[in-house]
Structure formats: structure tokens, C-alpha cells
Amino acid sequence: MSTLTVKAKTTLKENVLVEAEARGHKIIIDEPANLGGTDKGMNPVELLLSALGACQSIVARIYAKKFEIDLQDFWVEVEGDIDTDGFLGKSDVRPGFESIRYTFHIETTASEEKIEAYKEYIEAHCPVGDTIANTVNLVSSKVVVENSVK
């Protein structure tokens, strides 16, 4: 078994703006104004959808040659349905996505038979898709209270 531990750090800045960092790379995550933010970046659920499409795209690129796919262009449209009442505490509905849908767009001269096998491989080997589709062990290890000096 070859297990890789992946790490990220998020820091709450002003209002609901968050700075996320991994391996020295930073992104800004925010909410639109109607959810209390300043709209300076994607919100977390948009970022999740983007992570899925990005992961599928990377798998597509890496394995195109294995499937003899002349990948001329590839993009993924991803959308999901979420009831914001769960997030806002207005009802007992779950706060997460109810469903997520995606469409692969592949520009290639490969046969439909090859494309179908390739699509199935992408879906089966995308770590983000696998994480979303299957139960993952989500563990809160502890809370560290940082006391301010006064």
C-alpha cells in the first residue's frame, strides 16, 4: 500500500472570506453577498464542484494515451443541487448536495467504443469523485484553543 497524506490549511480572514493554502499555493474562498460574503472567490461548494471537474480532467489527460485517445480538448460541466436552508439552519434538510451531475466534453477522433471505456476509467480512478461518491471517515481530531495575549 502506498498512502499519501495530503494537507491543507484554511484561515478565516475578514467576514466569511477564507484563505486556503496547500504546498505553498493559495486560493481565496468567499460567499456571494446574499450569503454574507464579499464575492471575492468561489464559495466552498463551488470549489468542491470545481475540484471534481479538475480531478476528472487530470485523470483524462494522464490516461488518454493508455486508451489511444487523441485528446484534442476536454472540459467538464459540473452542477449540483443544494438546499441552502440546511446550511442556514432554517430546516432539518441536510446542508450538503442532494445530487451532483457532470458532463464530459471530449474533442477527439476516437471511436465511441474507446470513449465509453475511457469515460468509465476516468470515473473509476478520480480520487475526488470517489471521495464524493463513497463514505469517507471524516474525523475531528481535536480543538486547539489559542489564547490571545491581553
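The values are calculated or read from the model by the stated rules, or taken from the named source; none is laboratory data. If you're wondering where the values come from, they're calculated on a predicted model, not measured in any experiment. Glycine also receives a Cβ, built like all others from the backbone with ideal geometry; neighbour counts cover every protein chain displayed. Side chains included, ligands, DNA and RNA excluded: accessible areas come from the protein's heavy atoms. Shrake-Rupley method; radii C 1.70, N 1.55, O 1.52, S 1.80 Å.
Taking every residue in region 87-103 that is under 29 Å from S57 (Cα atoms) and part of a loop (DSSP other than H, G, I, E, B) and pairing it with any residue that is open to solvent by 60 Å² or more (accessible area, probe 1.4 Å) and of a type in the set (S, T, Y), at least 6 positions away or on another chain, the pairs with Cβ-Cβ distances below 9 Å are P95/T84.
With the requirement that a residue be open to solvent by 80 Å² or more (accessible area, probe 1.4 Å) and closer than 22 Å to A54 by Cβ, what does region 103-126 give you?
At the first step, the residues of region 103-126 found to be open to solvent by 80 Å² or more (accessible area, probe 1.4 Å) are 107, 109, 112-113, 116, 120, 125.
Result: E107, E120, H125.
Residue count for region 4-63 under the criterion of being touching a residue at least 40 places away in the same chain (Cβ under 8 Å) and over 17 Å from the mean Cα position of the chain (by Cα): the result is 2.
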